[in-house]
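In what follows, a single structure is set out as structure tokens and then discussed.
Computed from the coordinates by the stated procedures, all read-outs in this text should not be read as laboratory data. Please read these numbers as outputs of a predicted model, since none were measured by experiment. Virtual Cβ from ideal backbone geometry, glycine too; neighbours counted across all protein chains shown.
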Amino acid sequence: NAGVTQTPKFQVLKTGQSMTLQCAQDMNHEYMSWYRQDPGMGLRLIHYSVGAGITDQGEVPNGYNVSRSTTEDFPLRLLSAAPSQTSVYFCASSPRATYNSPLHFGNGTRLTVT
Amino acid sequence: AQSVTQLDSQVPVFEEAPVELRCNYSSSVSVYLFWYVQYPNQGLQLLLKYLSGSTLVKGINGFEAEFNKSQTSFHLRKPSVHISDTAEYFCAVIQTGANNLFFGTGTRLTVIP
């Protein structure tokens, strides 16, 4: 049981480039989310999804797009990377979009934008 | 809207000493509270959660936390820490009926041999 898998583990981009961070879970979880982790700021929610075909914005959605075409996958797209998007990105999932379901986290993608 | 404040960004403590990591929250409605732990180069793992009932909740690895509604706090404690407890600890809150967890800024616990 792989849990939540994020790829790549590391990525370096130049300003203006685009890329997609991949997230897949094999637990049939309804809820999936993306967070970014920055020093001194904790984790901030970027986007989330409560099921296939449904997405919504979190605290810091600007510069990022998401889609949820299947239950398993929840990719995060950076359309035009900026240095301010240098961060560690975590994907997380839970069985249901309720308080009673703990989040399962991937191991993160460390992104550097130069 | 809810918010979470972790008052200490870093806490050094000697091995086998007790530790308390502080967390305060604010919300206009009822909330549920969580502590997550992040070991180096890993994602976060659930340590414990408070949903209702007894205000003292026990988690994994000997940690416990006490919910104090009047002081809007949810401090994490361990009576005797080990080297392996060195990690970053995050307090998190979710409003009842909401979908999303909001995290504090984290406390880095360093256990000194």
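Residue by residue, segment A:19-36 carries 3J(HN,Hα) couplings of 6, 10, 8, 9, 9, 9, 10, 10, 10, 6, 7, 6, 9, 9, 8, 10, 10, 10 Hz when phi is fed to the Karplus relation 6.51 cos²θ - 1.76 cosθ + 1.60 (θ = phi - 60°); x denotes Gly or Pro. If R0 equals 25 Å, the separation of the Cβ atoms of residue A:2 and residue B:10 corresponds to a calculated FRET efficiency of about 0.15. Relative to the Cα centre, the charge distribution of segment B:3-108, modelled as +1 at Lys and Arg Cβ and -1 at Asp and Glu Cβ, gives a dipole magnitude of about 300 debye. Let me know the shape class of chain A, please: from the alpha-carbon gyration tensor, a ≥ b ≥ c as square roots of the eigenvalues, rounded when a/c is under 1.5, otherwise prolate if a/b is greater than b/c, or oblate. Because a/c hits 1.5 or more and a/b exceeds b/c, chain A counts as prolate.
GNM on chain A, alpha-carbon springs under 10 angstrom: the most fluctuating residue among A:83, A:95, A:39 is A:39. Enclosing the Cα atoms of segment B:2-112 in their convex hull gives a volume equal to 94 cubic angstrom per residue.
Length gained on full extension, residue B:112 to residue B:28, computed as 0.36 nm times the residue gap minus the Cα-Cα distance: 26.3 nm.
In this rough spin-label picture, where each label sits 7 Å from Cα along the Cβ direction, the residue A:62-residue B:52 distance is 4.0 nm. GNM on chain B, alpha-carbon springs under 10 angstrom: the most fluctuating residue among B:26, B:70, B:52 is B:70.
Look at where the Cα atoms of segment B:49-113 and of segment A:52-114 average out, and the two centres are 24 Å apart.
All alpha carbon pair distances within the protein assembly as shown were sorted into 5 Å bins beginning at 0; the resulting P(r) in whole percents reads 1, 7, 15, 18, 18, 16, 12, 8, 3, 1, 0. The mean count of C-beta atoms from other chains within 10 Å of the C-beta of residues in A:101-108, rounded to a whole number, is 5.
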